[in-house]
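Notes to accompany the following structure.
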There are 2 protein chains.
Amino acid sequence: MSFYDATVPAYLQILASLSGLLAKAEAHCEVKKIQPEVLLTARLYPDMLPFTKQIQLACDFAAKGCARLSGSTLPSTPDTETSFAELRQRLSKTIDYLKTFKPEQFEGADTRDVTFPTGPNSTATLKGQEFVNRVSFPNFYFHAAIAHGLLRHNGVEIGKRDFLGIA
Amino acid sequence: MSFYDATVPAYLQILASLSGLLAKAEAHCEVKKIQPEVLLTARLYPDMLPFTKQIQLACDFAAKGCARLSGSTLPSTPDTETSFAELRQRLSKTIDYLKTFKPEQFEGADTRDVTFPTGPNSTATLKGQEFVNRVSFPNFYFHAAIAHGLLRHNGVEIGKRDFLGIA
């Protein structure tokens with residue numbers, strides 16, 4: 001298998017499962033007469049990011065990660081979503097974007113330098129595989145899992161199988 | 001790079017960062033006069049697993065994942081930890097175990113069949129790379145991130161940099 005096989009399908013698996021989580025969260029709001037904004041703005045702690053931002057960041061770490069690894073232009077993705085439907089559309093667009101990548105674009109990317117921002121005025125450079133191991137995957141899965149935890153914490157009836165995309 | 005480079009270092013990165021999180025959680029308990037059990041048994045929702053179990057499962061998905069990929073005997077790891085010190089020891093043992101693997105043991109493992117349990121009486125089989133993408137990584141990062149979210153939710157002063165292991 002290839003470096004493509006070790007990256008793009010892994011992101012796609014979770015992006016699809018997040019879309020399923022959003023559908024269950026939206027249905028939960030309807031049944032329980034909860035304003036969607038309550039879940040969309042939920043935080044695990046006051047200085048943590050809200051649910052909507054967790055989904056946006058998961059999308060960004062997948063899309064920009066693949067762009068950086070393949071040397072493609074970074075996609076521009078303003079964070080404008082204010083509803084479950086719009087967040088699902090963001091996920092859908094991210095999935096479509098990831099599906100445009102071809103395995104050839106990732107050939108040799110595991111040992112190529114990847115430069116990425118570490119703050120407003122700083123960057124770091126790692127080999128592609130290290131960038132995936134230390135930056136892209138941990139951030140991507142972190143925001144996806146925190147989004148899941150936020151829904152669980154608010155009583156949405158989902159389980160780990162939903163996170164894995166096998167429910 | 002190799003399939004080893006795409007797996008073992010990724011697990012090790014987060015296992016080390018979890019050890020750091022535990023140290024900060026323990027210090028937080030001391031300063032705030034909180035009984036460690038309060039954090040160790042904390043859950044994000046009544047039917048979710050408590051903090052201790054999230055750490056144990058992160059260890060297991062890393063250790064058993066590497067064992068399955070390399071065709072090694074699965075390590076036996078009874079869940080006996082009841083303190084931060086014991087959980088740090090569990091992480092430390094898991095890290096030591098992962099460091100015993102050699103890149104050669106992972107050669108060709110990406111395309112080898114991996115059979116793993118999916119329930120008390122069921123198994124599934126996937127190619128090694130798919131096992132990593134769909135099962136081992138999502139489960140591993142999920143439990144690690146939920147552990148982090150649990151500490152944040154309980155006021156421990158950590159951030160995503162702690163999760164990434166760069167704090």
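Between B:Lys93, B:Lys102, B:Lys127, which is within 8 Å of chain A (Cβ to nearest Cβ) and more than 30 Å from A:Tyr45 (Cα to Cα)?
B:Lys127
Do we have A:Lys99 as charged (D, E, K, R), within 17 Å of the chain's Cα centre (by Cα) and more than 27 Å from B:Leu151 (Cα to Cα) here?
The answer is yes for A:Lys99.
With the checklist (1) open to solvent by 30 Å² or more (accessible area, probe 1.4 Å); (2) over 26 Å from A:Ser2 (Cα atoms) in hand, flag the one item A:Ser92 doesn't pass.
Single failed check for A:Ser92: (2).
Among residues belonging to region B:1-41 that are open to solvent by 10 Å² or more (accessible area, probe 1.4 Å) and small (Gly, Ala, Ser), point out the one that is nearest to the other protein chains (Cβ to nearest Cβ).
Selected residue: B:Ala6.
Pairs please, first residue from region A:62-86 and in contact (Cβ under 8 Å) with a residue 40 or more places away in the chain, second anywhere and charged (D, E, K, R) and assigned to a helix (DSSP H, G or I), Cβ atoms under 6 Å, 6+ apart in sequence or on different chains.
Listed pairs, sorted by first residue: A:Phe84/A:Glu26.
Looking at region A:26-49, which of the residues that are part of a helix (DSSP H, G or I) and of a type in the set (A, V, I, L, M, F, W, C) is nearest to B:Leu44 (Cα to Cα)? Before the answer, list the steps.
From region A:26-49, those part of a helix (DSSP H, G or I) are A:26-31, A:36-40; that's our starting set.
Narrowing the set further to residues that are of a type in the set (A, V, I, L, M, F, W, C) leaves A:27, A:29, A:31, A:38-40.
Numbers: A:Ala27: 21, A:Cys29: 19, A:Val31: 22, A:Val38: 17, A:Leu39: 15, A:Leu40: 17 Å.
It comes out as A:Leu39.
Taking A:Thr52 as meeting all but one of (1) closer than 23 Å to B:Ser136 by Cα; (2) away from chain B (no Cβ under 11 Å), write down the number of the exception.
Of the numbered conditions (1) closer than 23 Å to B:Ser136 by Cα; (2) away from chain B (no Cβ under 11 Å), the odd one out for A:Thr52 is (1).
Can you work out which of the residues in region B:134-167 that are surrounded by 16 or more Cβ atoms within 10 Å (Cβ to Cβ) and touching a strand residue (DSSP E or B) at 6+ places or on another chain (Cβ under 9 Å) is nearest to the other protein chains (Cβ to nearest Cβ)?
B:Arg134
For B:Pro78, indicate whether it is open to solvent by less than 50 Å² (accessible area, probe 1.4 Å) and either over 22 Å from A:Arg134 (Cα atoms) or not hydroxyl-bearing (Ser, Thr, Tyr) (or both).
The answer is no for B:Pro78.
Of the conditions (1) out of contact with any strand residue (DSSP E or B) (no Cβ under 7 Å at 6 or more places or on another chain); (2) under 27 Å from A:Leu151 (Cα atoms), B:Phe106 fails just one. Which one is it?
The single condition B:Phe106 does not satisfy is (2).
Go through region B:50-88 and report how many residues are closer than 20 Å to B:Cys29 by Cβ and either outside any helix (DSSP H, G or I) or not hydrophobic (A, V, I, L, M, F, W, C) (or both).
Adding up the residues that qualify gives 10.
Assuming A:Lys102 fulfils every condition listed in (1) modelled with pLDDT of 95 or more; (2) within 26 Å of A:Ile55 (Cβ to Cβ); (3) open to solvent by 50 Å² or more (accessible area, probe 1.4 Å) apart from one, which condition is it?
(2)
If A:Ser70 passes every condition in (1) under 22 Å from A:Lys127 (Cα atoms); (2) surrounded by fewer than 20 Cβ atoms within 10 Å (Cβ to Cβ) but one, which one does it miss?
Status for A:Ser70: all satisfied but (2).
Is there a residue being on the phi > 0 side of the Ramachandran plot and not aliphatic (A, V, I, L, M) anywhere in region B:137-148?
no
The values are calculated or read from the model by the stated rules, or taken from the named source; none is laboratory data. Everything quoted here is computed from the prediction, not taken from an experiment. Note that each Cβ is placed from the backbone with ideal geometry, even for glycine, and that neighbours are counted across all protein chains shown. Calculation scope for accessible area: heavy atoms of the full protein, side chains included, ligands and nucleic acids excluded. Shrake-Rupley method; radii C 1.70, N 1.55, O 1.52, S 1.80 Å.
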